[in-house]
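J.: Just dropping this structure here.
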Amino acid sequence: MTTRDEAIIEFASWLQSPPGRYLLQWEQARMDQAVADLFGFHALQLGLPQLDALRANRMPHRWVAHDSMVVPERVELPAPADDISTQSPNVPVALHCDFDALPFPSQSIDLLVLPHGLELARDPHETLREAERVLVPEGRVVIAGFNPASLWGLRQRLGAARQRLGLSNRPRYLPRAGEFIGYWRLRDWLRLLSFEVEHGRFGCWRAPVRSQRWLDRWAWIEGTGERWWPVFGAVYFVVAVKRARGMRLVGLARREKLQPKAAPAVVARRRREPAEVD
């Protein structure tokens, strides 16, 4: 088993904990809301099979892709607020492939969902480039990820520093699943790939505690955090659309004015007088 497989197993185990289930419930509600009214024919989810990110979407062809032989079990979460019977009866097809080499033609996917897919990918840059390749023009990508600039991210960094110094043997608060990509850094990546961010928000403001009892005690901060310090939520949620850039002229196109040609000279022919006869 590779180190990456171990990281995926650790991530799956963490999602079974109280903070992990709290995170999944928040992300599932955001996913249901974001993908419900997106139409097309083909939808693809990359990573995190514990989250049914496409359950509220009605596209006829849907896939859930894994790039590891480790496929954790799904975590049972409550159904959406509206009746789930409105979704497509087709069950997403499980697919094993590399995230940086998707087996789909260019411009063939209408919706691509990455719930922590960039953090779990071997190469997040190549994964995002591959997402841009397979998306149709005006197709949408939905991304969820941990926010390093949050109380959860701060506790993660402090725990890692204590482990390096040999001051603690306790596991870190968050799973060690690759690199946590900041919100503004992700927006820069998307902009370079001709994506336009339609919607971005943060969530999960409760304190980084491990027990369900203490998580419930911090429930009051949800509304306060969203209003007063929204960018410090533990996770972020981004919806971006792939724009098809049109051709444009470089520089100013000036029309050369045609210089009027000189008018031709008109020579009047004088009528020749008849010669006088003596």
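The values are calculated or read from the model by the stated rules, or taken from the named source; none is laboratory data. These numbers were taken from a predicted model, which means no experiment stands behind them. Using ideal geometry, Cβ is built from the backbone for each residue, glycine included, and neighbour counts are taken over all protein chains shown. SASA here: full protein model, heavy atoms, side chains in, ligands and nucleic acids out. Shrake-Rupley method; radii C 1.70, N 1.55, O 1.52, S 1.80 Å.
J.: Pick out the one residue from L95, L158 that is of a type in the set (A, V, I, L, M, F, W, C) and part of a strand (DSSP E or B). Reasoning before the result, please.
T.: Numbers: L158 fails: part of a strand (DSSP E or B).
That would be L95, the only listed residue that is of a type in the set (A, V, I, L, M, F, W, C) and part of a strand (DSSP E or B).
J.: Residues G153, G166, G200: which one is surrounded by 14 or more Cβ atoms within 10 Å (Cβ to Cβ) and either without any contact (Cβ under 8 Å) to a residue 24 or more places away in the chain or in a helix (DSSP H, G or I) (or both)? So that I can check it myself, show each step before the final result.
T.: Numbers: G166 fails: surrounded by 14 or more Cβ atoms within 10 Å (Cβ to Cβ); G200 fails: either without any contact (Cβ under 8 Å) to a residue 24 or more places away in the chain or in a helix (DSSP H, G or I) (or both).
Of G153, G166, G200, the one residue that is surrounded by 14 or more Cβ atoms within 10 Å (Cβ to Cβ) and either without any contact (Cβ under 8 Å) to a residue 24 or more places away in the chain or in a helix (DSSP H, G or I) (or both) is G153.
J.: Would you pick out the residues in the range 110-137 that are in a helix (DSSP H, G or I), closer than 23 Å to P60 by Cα and touching a helix residue (DSSP H, G or I) at 6+ places or on another chain (Cβ under 8 Å)?
T.: Answer for the range 110-137, where residues must be in a helix (DSSP H, G or I), closer than 23 Å to P60 by Cα and touching a helix residue (DSSP H, G or I) at 6+ places or on another chain (Cβ under 8 Å): just G117.
J.: Among the residues that make up the range 15-22, is at least one of them assigned to a loop (DSSP other than H, G, I, E, B), open to solvent by 20 Å² or more (accessible area, probe 1.4 Å) and not acidic (D, E)?
T.: First, pick out the residues of the range 15-22 that are assigned to a loop (DSSP other than H, G, I, E, B): 16-17.
From the residues that got through so far, the ones that are open to solvent by 20 Å² or more (accessible area, probe 1.4 Å) too are 16-17.
Narrowing further to those that are not acidic (D, E): 16-17.
Yes: one or more hits.
J.: Let me ask you something else. For the range 216-231, does any single residue satisfy the condition of being touching a Pro at 6+ places or on another chain (Cβ under 8 Å) and open to solvent by 80 Å² or more (accessible area, probe 1.4 Å)? It would help to see each step written out before you state the result.
T.: Going residue by residue through the range 216-231, those that are touching a Pro at 6+ places or on another chain (Cβ under 8 Å) are none.
No: zero hits.
J.: Confirm whether R140 is in a helix (DSSP H, G or I), modelled with pLDDT of 95 or more and of a type outside the set (S, T, N, Q).
T.: Spelling it out, it is not the case that R140 is in a helix (DSSP H, G or I), modelled with pLDDT of 95 or more and of a type outside the set (S, T, N, Q).
J.: Assess whether L54 counts as being touching a Lys or Arg at 6+ places or on another chain (Cβ under 6 Å) and modelled with pLDDT of 90 or more. Before you say what the answer is, go through the steps one by one.
T.: Details: touching a Lys or Arg at 6+ places or on another chain (Cβ under 6 Å): yes; modelled with pLDDT of 90 or more: yes.
Considered against the rule, which asks whether it is touching a Lys or Arg at 6+ places or on another chain (Cβ under 6 Å) and modelled with pLDDT of 90 or more, L54 comes out as yes.
J.: Do you know which residues across the range 169-192 are open to solvent by 40 Å² or more (accessible area, probe 1.4 Å) and part of a loop (DSSP other than H, G, I, E, B)? Show your work before the answer.
T.: Taking the range 169-192 as the starting set, the residues that turn out to be open to solvent by 40 Å² or more (accessible area, probe 1.4 Å) are 169-172, 176, 178-180, 184-185, 187-188, 191-192.
Those that are open to solvent by 40 Å² or more (accessible area, probe 1.4 Å) and part of a loop (DSSP other than H, G, I, E, B): N169, R170, P171, R172, R176, G178, E179, F180.
J.: Would a scan of the range 239-256 turn up a residue that is modelled with pLDDT of 90 or more, within 27 Å of E130 (Cα to Cα), in contact with a strand residue (DSSP E or B) (Cβ under 6 Å, 6 or more places away or on another chain) and open to solvent by 50 Å² or more (accessible area, probe 1.4 Å)?
T.: Within the range 239-256, one or more residues are modelled with pLDDT of 90 or more, within 27 Å of E130 (Cα to Cα), in contact with a strand residue (DSSP E or B) (Cβ under 6 Å, 6 or more places away or on another chain) and open to solvent by 50 Å² or more (accessible area, probe 1.4 Å).
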